[in-house]
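A quick write-up on the structure given underneath.
The values are calculated or read from the model by the stated rules, or taken from the named source; none is laboratory data. Here the structure is a predicted model, which means the values were calculated and not measured. Quick reminder, even Gly has a Cβ in these numbers, built from the backbone with ideal geometry, and neighbours come from all protein chains shown. To get the accessible areas, we keep the full protein, side chains included, count just its heavy atoms, and leave off ligands, DNA and RNA. Shrake-Rupley method; radii C 1.70, N 1.55, O 1.52, S 1.80 Å.
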Amino acid sequence: MNETLLKYIPEQAVQPIFELIVSNQVHLKIVNERQTRHGDYRKGLSGKHEITVNASLNKYKFLITLVHEISHLVAFEKFGRNIKPHGEEWKYSFQRMMVPFIRPEIFPNQLLPLLARHFKNPTASSDTDASLSLALKQFDQENDKNYIFEIPYGSVFRIDKGKIFKKGALRVKRYECVEVSTGRMYLFNPNAEVELLPNR
């Protein structure tokens, strides 16, 4: 297990993560990328705690995602199944479990202040924290995607599922974008990654 973890998370995080997996009886599956989520926790019918994490995440995102999902398990076990998935109990669990990892032996120095700020009040996804998401992105493998906030108003773009959209105005924190084939309106995070297409 430790050798497998070493492929996906920083070396100094391997032993403490391994201990969390064992102590919480986690069945960890590393899966091919899903666009809609980085990871997932569920209690299987057999009572097993099943966590999946996308194999394509860089090692810092993978670590944050894995701790995020273990925090769901810990919060449900401690506070009961009726809590909100990303409510106060989960935030408390996530903060307590993540703090020991926020150190220079595990994360690069430029990420430490952003992580410290994020974990004062963690959100359901690190992707919604634009500055942290952009900082983590620099450790991803190169790709030809653009962030929505980078592309001009009126640009046409595709998301990985193949749907094509036209970028509209910023509404509070998200961009209104129209699906070209149906005319339906969708809201996109500014740092959603998309494939820019030639305007039609």
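Taking region 29-43, which residues are outside any strand (DSSP E or B) and open to solvent by less than 90 Å² (accessible area, probe 1.4 Å)? Arg34, His38, listed by residue number. Taking the conditions (1) farther than 15 Å from Ser126 by Cβ; (2) surrounded by 15 or more Cβ atoms within 10 Å (Cβ to Cβ) in turn, Ser46 satisfies each one other than (2). For Ser131, state whether it is of a type in the set (Ser, Thr, Tyr), more than 18 Å from Glu69 (Cα to Cα) and modelled with pLDDT under 95. So Ser131 passes the test. A Cβ distance below 8 Å, combined with a sequence gap of six or more or placement on separate chains, defines the contacts here; from region 11-28, residues that are in a helix (DSSP H, G or I) reach residues that are β-branched (Val, Ile, Thr) in the pairs Gln12/Ile106; Ala13/Ile106; Ile17/Ile9; Ile17/Val67; Leu20/Val26; Leu20/Val67; Leu20/Ile70; Ile21/Ile70.
Filtering region 60-98 to residues that are within 17 Å of the chain's Cα centre (by Cα), aromatic (Phe, Trp, Tyr) and open to solvent by 10 Å² or more (accessible area, probe 1.4 Å) leaves only Tyr60. Annotation: Arg103 fulfils all but one of (1) open to solvent by 30 Å² or more (accessible area, probe 1.4 Å); (2) more than 18 Å from Phe62 (Cβ to Cβ); the unmet one is (2).
Across region 116-136, the number of residues qualifying as open to solvent by 40 Å² or more (accessible area, probe 1.4 Å) and not hydrophobic (A, V, I, L, M, F, W, C) comes to 7.
Could you pull out every one of the helices (runs of 4 or more DSSP H) wholly within region 72-157 that has 3 or more residues that are within 26 Å of Lys48 (Cβ to Cβ)?
Values: elements: 88-98, 112-118, 130-137.
Filter on region 72-157 gives 88-98.
Candidates in region 137-189 are the residues that are within 29 Å of Tyr60 (Cβ to Cβ), at pLDDT 85 or above and hydroxyl-bearing (Ser, Thr, Tyr); of these, the one that is least open to solvent (accessible area, probe 1.4 Å) is Tyr175.
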